[in-house]
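J.: The structure under discussion is supplied below as structure tokens; questions concerning it will follow.
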Amino acid sequence: MPNAHHHPDTPTTPRYITTAIDYVNAPPHLGHAYEKIATDAMARFYKRMGHPTFFLTGTDEHGIKVEKNALSKGLAPKAFVDELSQSFKQAWAHCGVAYDRFIRTTDEDHYALVAVLWNRLLAKGDIYKASYTGRYCQGCEAFLTDRDLTEDGLCITHQTAPEAVEEENYFFRLSNYKEAIIAHINANPTFIQPDFRKQEVLNMLENLEDISVSRSKQSVSWGIPVPNDETQVIYVWIDALSNYLTGIGYDGTETAQFNQFWKTPAGEPNAIHIIGKDILRFHAIYWPAMLMSAELPLPKQIFAHGFITLNEAKISKSLGNVISPFDLTAHYELANADPIRYYLLTCTQFGNDGNFTAEAFKLSVNADLANNLGNLLNRSVSMLKKYFGGAIPAVSADVLASSAILQELQAVTPLHEQVVTAYEAFNFQQVAEFVFARVDLANRTINDMEPWTLYKTEQLDLLAALMVSLLESLRLVAVWLSPMVPKLSVGIWSQLGLDAEAIANPSASFDALISGYRLVEGLMTNPQGPLLPRLDSELAGAEAKK
RNA sequence: GGCAUUGUAGCUCAGUUGGUUAGAGCAUACGGUUCAUACCCGUAGGGUCGGUGGUUCGAAUCCACCCAAUGCCA
């Protein structure tokens, strides 16, 4: 499987990771948040590994639906999308999604790039005019796309069947690139992930037709105009997919940022697109074809994740079961969204569908974060305060050397390598499994060694070694979990008396955090009570209230 | 209707190229401990591996068909 021409992946290899851009016809909900949180966790992980990393997310703002929604609210399309894209930004701030750029398809540089790209495909001879038979809705006075239709093929706003109407549009010669795409997929086994999606795409490629890439201005006016043709507007995919190039600073010339993150110094493909399984076709076929036509390198990987259901039901406006991250944090009086991040990342294997229920959420958060981890921190810092006044005591090297269990509590290897491997594979469930094994070991060790007995019998050397080992295990656990639950990690470091700013900084590497911020003798810990109140306990909300 | 994926204890998932009594965590029951957020530790019960048929000395693991769910396409 290793291709001889592939360069080794080193910590200095840049990483460009993107989410899909969300269509702004309604505010963000848990489904949108799922993808952003997962991508954020990966971006944070790459930064921790030392890779120069650029994380892009944003909003898709053109099209009929937006135009009509804006009109129905008496707003200009731009005013309408300004408001909605803002709500996405707020949601991601709330969820701790630390993107490097938030792109909007209405951004000026995006308009410019799409025109450049259009002209390049045109010059290549891949864009031509032909008649297009669209589904025209009388009520909307416009052509509808799949996403404007209900499952029964009716117009969402008017609940009527659209009629077939012909108009002259521009088409893209997708069929020209069929063989090249098949060859690329076969030559790059990890291009499409998870593995099983590859066969799906290869099957899609069997019957490939050219795609319509414009609409008449009469049917859709809210979009990027076709260069040199006043009557047509660029439609959906060329506009939307190009965001990945705009987002990394491509303007038609090889800018420094583009060369670093899209091409990489070695000229290897580099971008990683995290998308929903519903838009795999567009990313695995349309997008590579467009890039080939424009003579640009392809992305390195496309990862199609599953969907989050709510009580086993699809999240949709028509079902009336839409909940937002804000709804959840408010309902459970959470201090931050980390419990939501943790649940979404671990409730299923990334790639498969997941399900959210209030019951499962509470069980998972209480068991792992509150009981096992939070309580471990609480009981540890409490004992340190009681037995040593809260200051890190001196540890006898001899005592430490004589206890395998205490050494294991503080061990970085091999757990660090296991955690890294799991993150690399997008396997957040396994990351948690590995890390919580260390938490369990710490809790078990407390029960086995009975520090309260050591204190009463004045075995202070052993007690000191035990306490420091416990706190050290917590220090490491916080570092390993920080890509998934950044705020909780900061909380742990803060109580340990460590530099909270350091672990809060996404750019700090694993190496720097693990070896640069030690629990040195004399360091004062800072007990602050429960890290995370159990959901639905009497303590729930106490932190939010103060 | 076509293609693809999924279907393993109440729940979420592991199960390497088919091989001895199918594993883990959570949940449940019982016991222990007290530093701690009624927490932590230990023990136990619980599965004919979606169904049927087949290949094989032997299948959760391979093949066929069927059922259910999900995505794309028609």
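Read-outs throughout are calculated quantities, based only on the coordinates presented, and are distinct from any laboratory measurement. Please read these numbers as outputs of a predicted model, since none were measured by experiment. Positions of Cβ are backbone-derived with ideal geometry, glycine not excepted, and every protein chain shown enters the neighbour counts.
J.: Can you give the relative contact order of region A:231-385 as a percent, counting alpha carbon pairs under 8 Å and 6+ residues apart?
T.: 17
J.: Another question, if that's okay. Could you work out the relative contact order of region A:358-516, using alpha carbon pairs under 8 angstrom and six or more residues apart, expressed as a whole percent?
T.: With pairs under 8 Å counted, the relative contact order is 25 percent.
J.: Pick out, from A:ILE302, A:ALA130, A:ILE285, the residue whose Cα sits farthest towards the positive end of the charge dipole of region A:15-305, with +1 on the Cβ of Lys and Arg and -1 on the Cβ of Asp and Glu.
T.: Sorting the options by dipole projection puts first A:ILE302.
J.: Right, here's the next one. Using the Kirkwood radius built from alpha carbon pairs, what does the Stokes-Einstein equation give as D for region A:1-107 at 4 °C and 1.567 mPa s, in µm² per second?
T.: After rounding, the answer is 84 µm²/s.
J.: Within region A:455-505, which GluC sites (Glu not before Pro) sit in a loop by DSSP and count at most 12 neighbouring Cβ atoms inside 10 Å?
T.: Those that pass, being in a loop and sparsely packed, are A:GLU458.
J.: Sticking with this one: If you average the C-alpha positions of region A:210-274 and of region A:347-367 separately, how far apart do those two centres end up, in angstrom?
T.: Region A:210-274 and region A:347-367 have Cα centres separated by 36 Å.
J.: Can you give the charge dipole size of chain A about its Cα centre, rounded to the nearest 20 debye, using +1 on the beta carbon of Lys and Arg and -1 on the beta carbon of Asp and Glu?
T.: Using only the charged Cβ atoms, the result is roughly 720 debye.
J.: For chain A, what is the percent of antiparallel DSSP beta bridges, rounded to the nearest 5?
T.: So the antiparallel bridges in chain A amount to around 50 percent.
J.: Another question, then. What is the log10 of I(q)/I(0) for region A:15-305, computed with the Debye formula using one identical point scatterer on each Cα and no solvent, at q = 0.06, 0.09, 0.14 Å⁻¹?
T.: Rounded to two decimals, the profile gives -0.18, -0.43, -1.11.
J.: Which shape class applies to region A:396-546: rounded if a/c is under 1.5, otherwise prolate when a/b exceeds b/c and oblate if not, where a ≥ b ≥ c are the square roots of the Cα gyration tensor eigenvalues?
T.: It is oblate, given that a/c is not under 1.5 and a/b is not larger than b/c.
J.: Among DSSP beta bridges lying fully in region A:15-305, give the percent that are antiparallel, nearest 5.
T.: Bridges in region A:15-305 that DSSP calls antiparallel: roughly 50 percent.
J.: While we're here: Say the dipole of region A:358-516 comes from +1 at the beta carbon of Lys and Arg and -1 at that of Asp and Glu; which of A:LEU406, A:TYR387, A:VAL431 then lies farthest toward its positive end?
T.: Value computed over the given set: A:TYR387.
J.: For chain A, compute the orientation-averaged projected area of the C-alpha convex hull (one quarter of its surface), in nm².
T.: 27.4
J.: Taking amide hydrogens as modeled 1.01 Å from N in the peptide plane, which residues meet the under 5 Å criterion relative to A:PHE350, leaving out close sequence neighbours?
T.: When sequence neighbours closer than 5 places are left aside, the close amide H contacts are A:PHE428, A:GLN429.
J.: Cα atoms only, region A:462-534: Rg and Dmax in Å?
T.: So, for region A:462-534, Rg and Dmax equal 11.9, 37 Å respectively.
J.: Could you tell me which of the pairs A:LYS263/A:LYS314; A:LYS47/A:LYS263; A:LYS198/A:LYS263 are separated by over 30 angstrom between their Cα atoms in the structure shown?
T.: Among A:LYS263/A:LYS314; A:LYS47/A:LYS263; A:LYS198/A:LYS263, the Cα-Cα distance tops 30 Å for A:LYS263/A:LYS314.
J.: Using each residue's phi in region A:401-414, evaluate 6.51 cos²θ - 1.76 cosθ + 1.60 at θ = phi - 60° and report the 3J(HN,Hα) Karplus result to the nearest Hz, with x for Gly and Pro.
T.: Taking θ as phi minus 60°, the curve returns 5, 8, 10, 5, 5, 5, 5, 5, 4, 9, 5, 8, 9, x Hz for region A:401-414.
J.: I'd like the Karplus ³J(HN,Hα) series for region A:446-461: coefficients 6.51, -1.76, 1.60, θ = phi - 60°, whole numbers in Hz, and an x wherever there's a Gly or Pro.
T.: Coupling constants for region A:446-461: 4, 4, 6, 8, 6, x, 4, 6, 4, 5, 5, 8, 6, 8, 5, 5 Hz.
J.: Please tell me the relative contact order of chain A in percent, rounded to the nearest whole number, where contacts are Cα pairs under 8 Å and at least six residues apart.
T.: It rounds to 16 percent for chain A.
J.: Here's something else I'd like to know. Could you give each residue of region A:207-224 its phi-based ³J(HN,Hα) in whole Hz, using Karplus coefficients 6.51, -1.76, 1.60 with θ = phi - 60°, and x for Gly or Pro?
T.: Karplus values, whole Hz, x for Gly and Pro: 10, 10, 10, 4, 10, 6, 10, 8, 9, 5, 4, 5, 7, 9, 9, 8, x, 8.
J.: Same structure again: Once amide H atoms are placed 1.01 Å from N in the peptide plane, what residues at a sequence separation of 5 or more from A:PHE356, or on another chain, have their amide H within under 5 Å of its amide H?
T.: Long-range HN contacts for A:PHE356: A:THR309, A:LEU310, A:ASN311, A:GLU312.
J.: Next question, about the same structure. Taking only DSSP H segments of four or more residues, each worth -39500 (n - 2.57), what value at 222 nm results for chain A once the sum is divided by all its residues, to the nearest 500 deg cm²/dmol?
T.: -12500 deg cm²/dmol
J.: Hey, another quick one. Amide H neighbours of A:GLY390 under 5 Å, at least 5 residues apart or on other chains, H built in the peptide plane: list them.
T.: HN-HN under 5 Å from A:GLY390: A:LYS385.
J.: For region A:63-109, which trypsin sites (Lys or Arg not before Pro) are in a loop by DSSP, counting at most 14 other Cβ atoms within 10 Å?
T.: Of the trypsin sites (Lys or Arg not before Pro), the ones in loops of region A:63-109 whose Cβ has at most 14 other Cβ atoms within 10 Å are A:LYS73.
J.: Find, to one decimal place in angstroms, the Kirkwood hydrodynamic radius of region A:309-402, where the mean of 1/r is taken over every pair of different Cα atoms and then inverted.
T.: Kirkwood radius, region A:309-402: 16.4 Å.
J.: Put one equal scatterer on each alpha carbon of region A:231-390, apply the Debye formula with no solvent term, and list log10 I(q)/I(0) at q = 0.13 1/Å to two decimals.
T.: Treating every Cα as an identical point scatterer, log10 I(q)/I(0) equals -0.86.
J.: Okay, next question. Grab the other residues whose beta carbon is less than 10 angstrom from that of A:ASP229, score K and R as +1, D and E as -1, and report the net.
T.: Neighbourhood net charge equals +1.
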